[in-house]
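So the structure is just underneath, and the comments pick up after that.
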Amino acid sequence: MKVVAIVGMAGAGKSEVARVFEEQGFKTVRFGDITDEELKNRGLESNEGNERCIREQLRKKHGMAAYAKLNLPRIDSSLKSSNVVVDGLYSWEEYILLKEYYGGQFTTVAVWASPATRHGRLAHRAERALTLEEAASRDKSEIENSNKGGPIAMADFTIVNEASLEELEKETERVLSALK
């Protein structure tokens, strides 16, 4: 069984790539679900400020590999019946933890889009939309505070997502074919 982690900045298209993997039989484990559950448990509104606060608190409590640690049971459970795609690995420490834990079963796919393209997408998405200022602030925070650059730099595959959804799906299928 395989664990494929999708990495990239907000708005790059990680969830769309994960969706294509899911359509090919992979089970999805979305790291951000931990944040969403914590917001719900605390009765907080889902917005960029509250989400960032939760992410930072969880990392302070569990270390920079927090999301990988907290999601290991979900990944392991899903691996019993299918390959797994992880939507949204963030930090270098999460990458190292999963790489060491799953060894040769673990692969990363970076999804890249320019800041202008990503920020435009984030401003128009139906859920968790961000203003241009919020998107730029999130980029800065994720690079400086979440060590997000390392997993993107070390990805086994990179998909450039500057064109259409159809082109993104075609590129994702290319990666899926290479993984077989």
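Tell me, what is the percent relative contact order of the chain, built from C-alpha pairs under 8 Å that lie six or more residues apart?
Values: 275 pairs, mean separation 61.8, N = 180.
Averaging sequence separation for qualifying contacts and normalising by length gives 34 percent for the chain.
Along the charge dipole of the stretch 1-67, pointing to its positive end and built from +1/-1 on Cβ of Lys, Arg, Asp and Glu, which listed residue (41, 10, 66) has its Cα farthest out? Selected residue: 66. Springs between Cα atoms under 10 Å define the GNM used for the chain, and in it the highest mean-square fluctuation of 81, 141, 15 occurs at 81. Within the stretch 34-76, find all residues whose amide N lies under 15 Å from a label point positioned 7 Å from the Cα of residue 129 along Cα-to-beta-carbon. Correct set: 47-48. For the chain, set up a GNM with springs between Cα atoms under 10 Å and report which of 30, 125, 74 has the largest fluctuation. Highest fluctuation of the listed residues: 125.
Within the same chain, lysines fewer than 8 places from residue 69 are excluded, and of the rest, those with a Cα less than 30 Å from its Cα are 2, 14, 27, 40, 60, 61, 80, 99, 140, 148, 180. Checking (1) 1.00; (2) 0.97; (3) 0.94 against Rg/Rh (Cα atoms, Kirkwood Rh) calculated from these atoms, the matching label is (3). Among the GluC sites (Glu not before Pro) found in the stretch 1-42, not one is both in a DSSP coil and sparsely packed, with 11 or fewer other Cβ atoms within 10 Å of its Cβ. Restriction of the GluC sites (Glu not before Pro) in the stretch 106-160 to DSSP coil positions whose beta-carbon has at most 14 other beta-carbons within 10 angstrom yields 127. Couplings 3J(HN,Hα) for the stretch 137-149, derived from phi with the Karplus relation 6.51 cos²θ - 1.76 cosθ + 1.60 (θ = phi - 60°), are 5, 5, 3, 4, 5, 5, 6, 7, 9, 10, 6, 6, x Hz, where x marks Gly and Pro.
Along the positive direction of the dipole of the chain (beta-carbon charges: Lys, Arg +1; Asp, Glu -1; about the Cα centre), which of 164, 97, 147 reaches farthest? It is 97.
Charged side chains reduced to their Cβ positions (Lys and Arg at +1, Asp and Glu at -1) give the chain a dipole of some 460 debye around its Cα centre. For residue 110, nonlocal amide neighbours, meaning residues 5 or more places apart or on other chains whose placed amide H falls under 5 Å from its own, are 7, 156, 157, 158, 159.
Values quoted throughout were computed directly from the atomic coordinates according to the rules given, and no laboratory measurement underlies them. These figures come from a predicted structure and were not determined experimentally. All Cβ positions, glycine included, derive from the backbone under ideal geometry; neighbour counts span all protein chains shown.
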